[in-house]
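For reference, the structure is listed below as structure tokens.
The values are calculated or read from the model by the stated rules, or taken from the named source; none is laboratory data. Remember, predicted model here, so these are calculated numbers, not experimental data. For neighbour counting, all protein chains shown are included, and Cβ atoms are generated from backbone atoms with ideal geometry for every residue, glycine included. For the accessible areas, the whole protein counts, side chains as well, though only heavy atoms, and no ligand, DNA or RNA atoms are used. Shrake-Rupley method; radii C 1.70, N 1.55, O 1.52, S 1.80 Å.
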Amino acid sequence: MRAFQFTQAKTVDAALDPGSRFLAGGTTLIDLMKLDVETPERVVDINLLPLARVEAAPDGGLKIGALVRNSDLAVHPEVKARYAVLSEALLSGASPQLRNMATTGGNLLQRTRCYYFRDTAYACNKRQPGSGCPAMDGYNRIHAVLGGSEHCVATHPSDMAVAMMALEAVVHARKDKRERRIALDELYLLPGTTPDKENVLEPGELITYVTLPKLPAGTKSHYLKLRDRAQYEFALASAAVVVSVSGGRIERARIALGGIATKPWRSREAEAALEGKSASEENFRAAAEAAMHGAKPLRDNKFKIELAKRALVRALTVMTA
Ligand code: SF4
């Protein structure tokens with residue numbers, strides 16, 4: 001780890017230094033600093049900022065402070081009662097110790113687990129633009145089948161963000177005196193030719209809270225994660241489903257997939273395939289086919305396409321049973 005300047009901010013205004021990295025739970029940043037993947041010159045600790053509350057939002061939704069810990073959010077009564085998909089996604093992530101530290105804002109911005117990105121002995125376009133992508137011809141079992149480019153195929157590792165994508169969360173961010181709202185689907189960038197640019201936030205822009213809209217009456221939701229072991233493992237494929245069913249017909253569907261794409265993957269194709277249809281396995285399978293249409297496998301990850309389809313069919317089946 002390289003030497004860096006460390007400060008602690010007590011107000012949001014004091015934290016907003018464009019040249020600093022924000023430190024919350026540290027479950028990504030500190031790891032990457034120890035590996036010399038992240039080498040900030042200045043780090044500002046934001047743990048004392050008043051952003052650790054979950055509150056009712058004026059529109060009937062929920063307002064979640066950026067510093068709310070994953071473990072607290074997972075068991076919050078409103079989250080468990082109204083946004084089950086989010087609670088389930090949080091509890092499927094990492095370990096209890098990590099969830100006790102990890103925060104809402106940090107979870108959204110956590111960086112890829114691509115082995116080549118985390119090992120400075122290898123080239124990596126995301127770490128060092130223009131240096132190459134060894135995952136293309138290397139071992140790429142965990143990499144993306146959707147949203148990739150010839151420059152990067154790294155998956156986004158968050159479970160929480162996949163659930164929030166299906167819930168149509170909105171991110172609220174502060175830079176200088178400016179506050180702005182960013183639909184979560186617009187927060188993340190595809191790698192394209194610039195995989196080092198992962199989101200639309202500007203240097204020094206701080207996520208302050210996330211809002212979840214009120215869901216229509218009768219909406220049910222579920223998160224299903226498939227992985228190599230039952231705990232403390234990232235998704236090979238996951239599905240977040242938020243669906244309203246009336247009289248056996250699907251009135252409204254919001255679908256997101258994890259573990260298979262370069263960002264938390266909202267599937268409007270699957271949603272269109274479901275809405276207005278009966279809640280049947282045949283229609284779930286058609287939605288899964290639509291969701292994975294256009295997927296591009298690499299040498300070692302073709303299995304993810306069928307795995308993601310089965311995850312979505314299973315999540316819809318469980319939720320509508
Ligand atoms: Fe780097 Fe992306 Fe290639 Fe991984 S997939 S080595 S993060 S450029």
* Asked: If you go through the stretch 122-140 one residue at a time, do you hit one that is within 14 Å of the chain's Cα centre (by Cα), modelled with pLDDT of 95 or more and of a type in the set (A, V, I, L, M)?
  -> no
* Structure fact -> Here the residues within the stretch 36-61 that are of a type in the set (A, V, I, L, M) and surrounded by 14 or more Cβ atoms within 10 Å (Cβ to Cβ) are VAL37, VAL43, VAL44, ILE46, LEU48, LEU49, LEU51, ALA52, VAL54, ALA57
* To do: For the stretch 53-64, indicate whether the set of residues that are within 20 Å of GLY204 (Cβ to Cβ), of a type outside the set (Asp, Glu) and at pLDDT 95 or above is non-empty.
  => no
* Asked: Could you list, in sequence order, the residues of the stretch 119-158 that are near the ligand (Cβ under 10 Å from one of its atoms) and β-branched (Val, Ile, Thr)?
  -> ILE142, VAL153, THR155
* Looking at (1) under 18 Å from ASP300 (Cβ atoms); (2) without any contact (Cβ under 8 Å) to a residue 40 or more places away in the chain, find the lone condition where THR219 falls short. => (1)
* Name the residue, out of PRO195, PRO213, that is open to solvent by 10 Å² or more (accessible area, probe 1.4 Å) and in contact (Cβ under 8 Å) with a residue 60 or more places away in the chain. => PRO213
* Using the structure shown, decide if ARG180 is over 18 Å from the mean Cα position of the chain (by Cα), away from the ligand (no atom under 16 Å from the Cβ) and in a loop (DSSP other than H, G, I, E, B). => no
* Structure fact -> Matching residues in the stretch 297-321 (within 21 Å of ARG266 (Cβ to Cβ) and either of a type in the set (Gly, Ala, Ser) or loosely packed, with under 14 Cβ neighbours inside 10 Å (or both)) number 5
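Are there any helices (runs of 4 or more DSSP H) wholly within the stretch 66-121 with 1 or more residues that are among the hydroxyl-bearing types (Ser, Thr, Tyr), and if so which? Full working, then the answer.
Working: elements: 70-75, 77-82, 84-92, 96-101, 104-108.
In the stretch 66-121, 70-75, 84-92, 104-108 are the helices (runs of 4 or more DSSP H) which contain 1 or more residues that are among the hydroxyl-bearing types (Ser, Thr, Tyr).
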